[in-house]
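**Student:** One structure is given below, represented as structure tokens, and several questions about it will come after.
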Amino acid sequence: MKRPRGKTVLCLIAPLLLAACVSQSVKGEMAKEYYNLGNAYYEIREYDRAIAYYNLAISQDPELLGAHYNLSLAFIKEGREEEAERVLLRLLERDPENVSILQLLAYVYYQSGSAAKAIETLTKVLVLSPKDVDALHNMAIIYWESGQMQDASRAFAELLGIVPADGSELYTETLFNYGRLLMQTGEEQKAAEELERYLVWHEQDLEAQRLLARAYTALEQYDRALEALDRILELDGSLGDVWFEKAVILLTQIEDPVQGLAALREALERGFADQERIESLVEDPDLIDKSDVQDILEDYGRAAVGDERS
């Protein structure tokens, strides 16, 4: 299962490669040949042909457990989760404590829409292997997608207590995802801490910088929010919405009309046209230099509807 990264739903994919999950000698040259052909077709993503050859290998040698396991992977790739589940359950009858099989079965349950079964299966993995980072990671993601935010937060925190803080992909992506989750649950201070740790390793990540700016804005730490926004603009000065966020802080909180009005002009120059946010700025009781703001908006054809000059 793969860590999530994206603007919409999170996704999981099978974590394992084609290696057999149980050590087993190959019986018969024909079974071995079919097995290798199945692997070759799997590698080039011809999964239907891979399935055919894995089945031929199994017909020659039913004890070739690697063929069973890889057959389940090919079924998953073809979207045939029920068949994959049957294969994996048969494998578990032979080896009920095999964490690789359990991990893959959890993925199948997830793909089939059964988050509860996926969590139950991953819990078995963690009983057998309490520090299994893949299981913890996947559990956190499934909890998150299922709306079980406290459980997801606990799993992310536990994972960060195990994964070395070495800048690895799993470590940094866990920091990022944990920060996103904490923003969703209104824990902005903790979110800012996790995002700051993430940005030590990925300072050019615009999405993380945006989240950090929002966290500091919510915490009313406006100087730090502006620092995050400025880092974004150093990387990409064409982002009109970021210029607008900067203008809002400067014109309503920091009370710096020179920089605030300049930032507003930059936002509009770069095509910022969110009328709802523009109207919200004009109606903000803390807005300074409202008349100048309205003049700039009119210059760019963005005047808020219904505004009256003071």
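**Student:** Mind checking whether some residue in segment 208-228 is surrounded by 23 or more Cβ atoms within 10 Å (Cβ to Cβ), of a type in the set (Phe, Trp, Tyr) and either modelled with pLDDT of 95 or more or more than 27 Å from the chain's Cα centre (by Cα) (or both)?
**Tutor:** Start the filter on segment 208-228 by keeping residues that are surrounded by 23 or more Cβ atoms within 10 Å (Cβ to Cβ), which leaves 208-209, 211-213, 215-216, 225, 228.
Right, trim to of a type in the set (Phe, Trp, Tyr) and you get 216.
Filter once more, keeping what is either modelled with pLDDT of 95 or more or more than 27 Å from the chain's Cα centre (by Cα) (or both): 216.
Looking for residues that are surrounded by 23 or more Cβ atoms within 10 Å (Cβ to Cβ), of a type in the set (Phe, Trp, Tyr) and either modelled with pLDDT of 95 or more or more than 27 Å from the chain's Cα centre (by Cα) (or both), one finds at least one in segment 208-228, hence yes.
**Student:** Just the residues that are surrounded by fewer than 23 Cβ atoms within 10 Å (Cβ to Cβ), within 33 Å of the chain's Cα centre (by Cα) and closer than 23 Å to Leu219 by Cβ, please, taken from segment 253-273.
**Tutor:** Of the residues in segment 253-273, the ones surrounded by fewer than 23 Cβ atoms within 10 Å (Cβ to Cβ) are 253-259, 261-262, 265-266, 268-273.
Still in the list and also within 33 Å of the chain's Cα centre (by Cα): 253, 266, 268-273.
If the condition is that a residue be surrounded by fewer than 23 Cβ atoms within 10 Å (Cβ to Cβ), within 33 Å of the chain's Cα centre (by Cα) and closer than 23 Å to Leu219 by Cβ, then Gln253 is the only one that fits.
**Student:** State all residues of segment 152-175 that are free of Cβ contacts under 8 Å to residues at least 12 places away in the same chain and more than 15 Å from Arg197 (Cα to Cα); if no residue qualifies, say none.
**Tutor:** Within segment 152-175, Arg154 is the sole residue that qualifies.
**Student:** Can I ask one more? Please find, among Gly161, Gly186, Gly179, the residue that is at positive phi and modelled with pLDDT of 95 or more.
**Tutor:** Numbers: Gly161 fails: at positive phi; Gly179 fails: at positive phi.
None of the others qualify; the one that does is Gly186.
**Student:** Continuing with the same structure: I need a count of the residues in segment 154-181 that are out of contact with any Ser or Thr (no Cβ under 7 Å at 6 or more places or on another chain) and in a helix (DSSP H, G or I). Let's see the steps before the verdict.
**Tutor:** At the first step, the residues of segment 154-181 found to be out of contact with any Ser or Thr (no Cβ under 7 Å at 6 or more places or on another chain) are 154-155, 157-158, 161-162, 164-180.
Keeping just the survivors that are in a helix (DSSP H, G or I) gives 154-155, 157-158, 169-180.
Here the count works out to 16.
**Student:** Does segment 147-177 hold any residues that are within 16 Å of Ala135 (Cα to Cα), touching a helix residue (DSSP H, G or I) at 6+ places or on another chain (Cβ under 6 Å) and among the aromatic types (Phe, Trp, Tyr), and which are they?
**Tutor:** Residue satisfying the conditions is Phe156 alone.
**Student:** Looking at the structure I just gave you, is Leu195 touching a Gly at 6+ places or on another chain (Cβ under 6 Å), without any contact (Cβ under 8 Å) to a residue 24 or more places away in the chain and either buried (at least 18 other Cβ atoms within 10 Å of the Cβ) or of a type in the set (Lys, Arg) (or both)? Reasoning before the result, please.
**Tutor:** Details: touching a Gly at 6+ places or on another chain (Cβ under 6 Å): yes; without any contact (Cβ under 8 Å) to a residue 24 or more places away in the chain: yes; either buried (at least 18 other Cβ atoms within 10 Å of the Cβ) or of a type in the set (Lys, Arg) (or both): yes.
Answer is yes for this residue.
**Student:** Which residue out of Ala57, Ala67, Ala52 is surrounded by fewer than 19 Cβ atoms within 10 Å (Cβ to Cβ) and over 29 Å from the mean Cα position of the chain (by Cα)?
**Tutor:** Ala52
**Student:** I'm checking my understanding of the structure. Among residues of segment 109-147 that are part of a loop (DSSP other than H, G, I, E, B) and not hydroxyl-bearing (Ser, Thr, Tyr), which one is surrounded by the most Cβ atoms within 10 Å (Cβ to Cβ)?
**Tutor:** Taking segment 109-147 and keeping what is part of a loop (DSSP other than H, G, I, E, B), we get 112-114, 129-132, 146-147.
Cutting the leftovers down to not hydroxyl-bearing (Ser, Thr, Tyr) gives us 113, 130-132, 147.
Numbers: Gly113: 9, Pro130: 11, Lys131: 12, Asp132: 19, Gly147: 9.
If we take residues in segment 109-147 being part of a loop (DSSP other than H, G, I, E, B) and not hydroxyl-bearing (Ser, Thr, Tyr), then Asp132 is surrounded by the most Cβ atoms within 10 Å (Cβ to Cβ).
**Student:** Give just the number: which of (1) assigned to a helix (DSSP H, G or I); (2) under 30 Å from Leu170 (Cβ atoms) does Glu203 not satisfy?
**Tutor:** (1)
The values are calculated or read from the model by the stated rules, or taken from the named source; none is laboratory data. Keep in mind that what you see is a predicted model, and the values were worked out from it rather than measured. Methodologically, a virtual Cβ is constructed for each residue, glycine included, from the backbone with ideal geometry; neighbour enumeration extends over all protein chains shown.
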